[in-house]
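Right, one structure below, let's go through it.
Computed from the coordinates by the stated procedures, all read-outs in this text should not be read as laboratory data. Predicted, not measured: the structure shown is a model, and the values here were computed from it. Here the Cβ is made from the backbone with ideal geometry for all residues, glycine too, and neighbour counts use every protein chain on show.
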Amino acid sequence: MGRLGKIARRTFLLGTAALAGGVAVGYYFYKKPYDNPLEQTLAEGEVTFNPYIKVAADGTIVLIAPRAEMGQGVSTTLAALVAEELDVDLSNVRIEHGPADGAYYNEAMIVEGGPYSMFDHSFYANFQRKSSAVTAKFVALQATGGSSSVRDGFDKMRQAGAVARQLLLQAAAKRLGKPAGKLTTENGKVVDTVSGTSLTYGELASDAASIEPPDTIALKPRDQWKILGKSQPRIDMHAKSTGTAGFGIDVDLPDMLYGTVRMNPHIGGELKSFDDSKAKAMRGVVKIVRIDAGKLGQGIGVIADNTWRAFEAAKAVEVEWGDAPYPASTDAILDDYRAAMADGSSHALTDRGDAEGVVADTSSGALVEAEYSAPFLAHACMEPMNATARFKDGKLEIWAGSQAPNMYKLVGSRELDISSSDVTVHNTLLGGGFGRRGEGDFPLYAVKLAKEAGGRPVKVTWTREEDMTHDMYRPAALGRFKARVTKDGALNAVDARIAAPSITKSALDRTLPGAFMPFPDRLISEGAFDQPYGIENFRVQGVPVECEVPLGFWRSVGNSHNAFFQECFIDEVAHAAGQDPVAFRLALLKDHPVAAETVAKVAAMSGWDKPLGEGKGRGIAFTLSFGTYVAEVVQVSDAGDGIRIDKVWCAVDLGTALDPSIIEAQMQSGIVFGLSAALGQEITFADGMVEQTNFDTYDAMRIHQAPEIEVAILENSETIGGAGEPSTPPSVPALANAIFDLTGKRLRHMPLSKDVSFVT
Amino acid sequence: MTLKINGKTIEIDAEPEMPLLWALRDIVGLKGTKFGCGIAACGACTVLIDGEPQRACAVTLGDVEGEVTTIEGLSPDGTLHAVQEAWIEQQVAQCGYCQSGQIMSAVALLAETPDPSDEEIDEAMQGNLCRCGTYPRIRAAIRLASRKLAGA
Ligand code: FES
Ligand code: FES
């Protein structure tokens, strides 16, 4: 606690010193290699200051929130960053996603994607960070993922607002013949408080946009924030409560056709032959085409005048499929994992002391050993995959809810052999993303069908069955953990080995064939190697497994399985050492007071020091991921007909909490997402095909199973962390540890429903 | 085929086997009702037929007997239903995709049971999946809507 106080004070002093001294920062716009993409989109009378601000002809201020709104509230929070510095209420602006463009590239997502932990500031790690920042600019991926939107936008979007405000002040100074320093701003207006005169931003916009922007700009200190740090009404809430929000699946264009695809369920396999004579004769069917999508496999596409008619026709096509490139059953796929675990080559992103030697030293205290596993998982976004495309007069337009809209320019231009400047991407709201909607398959199929539609737009919607059996799956993973506890109960060494395929390699293979990764994939062991535990002898080996099942980024990615392994294991070790799991973790975290405080906080919230009644159990887990520290306690009870998850307490530290209501919602969301997997989600293969096809065989947590969730937000961390993913990783191990507390049974395999039953 | 939807009589030219969901979305142009699974397992397509919650993906046009109310029919003149007001005040929606269905189920629940217990809420709402995990706020919004309706 003492140390924590010190850190918190230091942060505060740094912050105020910087601002009180008027230290201005060299800001983003001069370093950017991109033009302002809004210039291309301006209508008559519209003005733009930078990629984030546009003023319409009628004076309406338009703020650009260039990240996918998939439920995480990002459009509200990003707009708030600009609005805070621009000095305009959120209720007085219009917020748009803006065009798909490299100017909106996501640096934060790539910079922390290297093989180092967040608190590793060694020469090597910092060097990698710097060079990947350059790569990020070059690749210019406009992506939403890695819980990075706010981390990426925090400075640059506030700067965008602050610069525009400066220019508006200067324009008003000229107009009123007063020095800019004598004027102030107030909710979209420049005000001369002496005379009471005011000019709206709309009136000043075109003058202001012609003034040369300043070289440096200072940002408001936190105690002057009016919008940030307070819960804002979400800008999308009304539309989402009235059925008027526009998702990709709701796109409606004049003369539009409807389509669907049916790809080889042996994912990646060929289409040997097909007979569409029956299907072609069905009502409303316009065309049936063969689809060849390279690594994604082959199949058929149907164009019709109605989605359901397209679904029915696709079913009626008789097909002969070729085999998948991976082994036919889950067990056979896992054979490759077991072989790799036994003697595959590995990389250790953390290797300090002599973990192997100490663990082997039988003269020390007890040896603790455990093996864990996690299955393949589907994203199962609520809105099935879909996209709409129109190819007319050499120009392609794509409408889709996307986590990577400018990548679709590449997808479209490659497919049609046109320049990417002839591709326009319109991003809609996303009915869930969780990592799935950064993929290029669904827009590609829409483009392929649009090519066959004679210039008419085609909306291509997948059935749920197609969606679930053609995902890019969260990979299965195996973990083998060993520890040595000293005779007086201290944790002396942990030696961990995690076998999983590289998601990054799988994604590169299907997106940019030929590209390779210059360093080991951190995703294999993240959530384990990068945790702030002060274990003297600590090694985490990542063992890459060869696996041809298409793999993707699933909410919290590698953390989703590794936190389960490691946090269950830490609990086992605490138990073996005869120590309380909270006290045990606090001791291991003594050099990381921010982390320790989340554990202490959640213990206090949950009444950890008070005994539980009969028939109840509770467990704790902690994970640092995406720059955010999260500790959770799960409490369960024996409901007679199964285990009930009664309550979850969550203490989260993301440094600066920009919108408490949205952060609370994201914590709850991530917890339900993780617990959903624990309750029974598992993707398995038989005959080379995914066995789960819909929510009847791959369900998620329902309201009657959902616990009460209490969230406390801390702000001790010096850096700002992400919100969309970090509550998922600790949820499952906290549950498994709670079930151990209740039943005395260690659960080492996901889903936990393999070993216990939950109330249904 | 003639259907009564949100107070209007609508002529639909389609095969009787077509699920109501797709006629609503692709023919009538009412897109607030969502497609999630097509097998009555997720609740995204929930509409009211004569006040009863029904999964529009599992009711064929030929089987529709009675008046259909969709999310668009809850606030025909722009005045929000108490349930919608509560949803906004509690800031329930995340991605929002399941919420039309959630709201329609909640409207039906409160019409039948104005002051539902926790068990009754669980019972009535468990057919509506939410992948974003908005359940804690859904519970709070239903309780708030119940108070609003009692006060009105
Ligand atoms: S789409 Fe009807 S219940 Fe899922
Ligand atoms: S709000 Fe996204 S599925 Fe419910």
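Counting only residues at least eight positions apart within a chain, or on another chain, the lysines with an alpha carbon under 21 Å from that of A:LYS295 are A:LYS272, A:LYS409, A:LYS448, A:LYS451, A:LYS505. Based on Cα contacts under 8 Å between residues 6+ apart, the range A:460-508 shows a relative contact order of 32 percent. Peptide A:377-387 has a mean shielding of 4, counted as Cβ atoms of other protein chains within 10 Å of each residue's Cβ. Prolate is the label for the range A:531-623. Its Cα gyration tensor axes, ordered a ≥ b ≥ c, give a/c of at least 1.5 and a/b above b/c.
Considering only the other residues whose Cβ falls under 11 Å of the Cβ of A:ALA631, what net charge follows from Lys and Arg at +1 and Asp and Glu at -1? Working shown, then result.
Values: positive: A:ARG585, A:LYS601; negative: A:GLU567, A:GLU597, A:GLU632, A:ASP653.
Net of charged neighbours comes to -2.
Using equal-weight Cα scatterers in the Debye expression, the normalised intensity of the range B:82-149 in log10 at q = 0.21, 0.22 Å⁻¹ is -0.76, -0.85.
Kirkwood's formula applied to the C-alpha pairs of chain B gives a hydrodynamic radius of 15.5 angstrom. Within chain A, the percentage of alpha carbon pairs spaced more than 48 angstrom apart rounds to 20%.
What is chain A's relative contact order, in percent, from Cα pairs under 8 angstrom and six or more apart in sequence?
14
Cross-link partners of B:LYS8 among aspartates and glutamates, defined as those whose alpha carbon lies under 16 angstrom from its own and excluding same-chain residues fewer than eight positions apart: B:ASP50, B:GLU65, B:GLU67, B:GLU72, B:ASP77.
Excluding the sites themselves, what is the longest stretch of chain A that contains no GluC sites (Glu not before Pro) in a DSSP loop with at most 10 other C-beta atoms within 10 Å? Intermediate results must be reported in sequence, preceding the final value.
Numbers: sites that count: A:GLU44, A:GLU614.
Here the longest run is A:45-613.
Each label was represented as a point 7 Å from its Cα along the Cα-to-Cβ direction; for A:THR184 and A:GLU371 these points are 7.0 nm apart.
Hydrodynamic estimate: the Kirkwood radius of the range A:658-710 over Cα pairs, inserted into Stokes-Einstein at 37 °C and 0.692 mPa s, corresponds to D of 254 µm²/s. Measuring r between the beta carbons of A:ALA56 and A:SER419 and using R0 = 25 Å, the FRET efficiency lands at 0.25.
Were the residues from A:HIS238 through A:GLU39 laid out at 0.36 nm apart, the gain over their Cα-Cα distance would be 68.6 nm.
Look at the alpha carbon pairs under 8 Å that are at least 6 residues apart: their mean separation over the length of the range A:17-233 gives a relative contact order of 27 percent. Can you work out the PRE-style zone for B:THR9? Point 7 Å along Cα to Cβ, and I want the residues of the range B:48-91 with backbone N under 17 Å. Flagged as within label range: B:65-68.
Could you work out the helix-only [θ] at 222 nm for the protein assembly as shown, with each DSSP H run of four or more residues adding -39,500 (n - 2.57) and the total divided by the number of residues, to the nearest 500 deg cm²/dmol? Don't skip to the end; give the middle numbers.
Values: 25 runs with 295 residues, N = 912.
Result for the protein assembly as shown: -10000 deg cm²/dmol, rounded to the nearest 500.
Binning the alpha carbon pair distances of the range A:219-369 at 5 angstrom intervals from zero yields the distribution 2, 7, 9, 8, 8, 8, 7, 7, 8, 9, 10, 8, 5, 3, 1, 0, expressed in whole percent. Between the C-alpha center of the range A:103-118 and that of the range A:238-256 there is a gap of 33 Å. Each part gets one Cα centre, and for the range B:1-65 versus the range A:360-399 those centres are 34 Å apart.
The mean of 1/r over all distinct Cα pairs in the range A:643-760, once inverted, gives the Kirkwood hydrodynamic radius of 15.6 Å. Stokes-Einstein diffusion of the range A:17-233 at 37 °C, 0.692 mPa s viscosity, Kirkwood radius from Cα pairs, rounded to a whole number: 180 µm²/s.
A straight Cα-to-Cα reach below 18 Å connects A:LYS745 with the aspartates and glutamates A:GLU369, A:GLU371, A:GLU567, A:ASP571, A:GLU572, A:ASP580, A:GLU614, A:ASP638, A:ASP641, A:ASP755, residues fewer than 8 places away in its own chain not being considered. Summarising the amide proton neighbourhood of A:LEU714: residues at separation of 5 or more, or on other chains, whose placed amide H is nearer than 5 Å comprise A:VAL652, A:ASP653, A:LEU654. In the calculated pair-distance distribution of the range B:2-73, the portion above 16 angstrom amounts to 37 percent of the Cα-Cα pairs. Once you order the gyration tensor axes a ≥ b ≥ c over the Cα atoms, which shape class does the range A:290-421 get: rounded for a/c under 1.5, otherwise prolate or oblate by comparing a/b with b/c? Because a/c hits 1.5 or more and a/b exceeds b/c, the range A:290-421 counts as prolate. Reducing the range A:266-300 and the range A:420-465 to their Cα centroids gives an inter-centroid distance of 17 Å. Between amide H atoms placed 1.01 Å from N, distances below 5 Å from A:LEU551 occur with A:TYR473, all of them 5 or more places distant or on a separate chain.
Taking the DSSP beta bridges with both ends in chain A, the antiparallel portion is around 75 percent.
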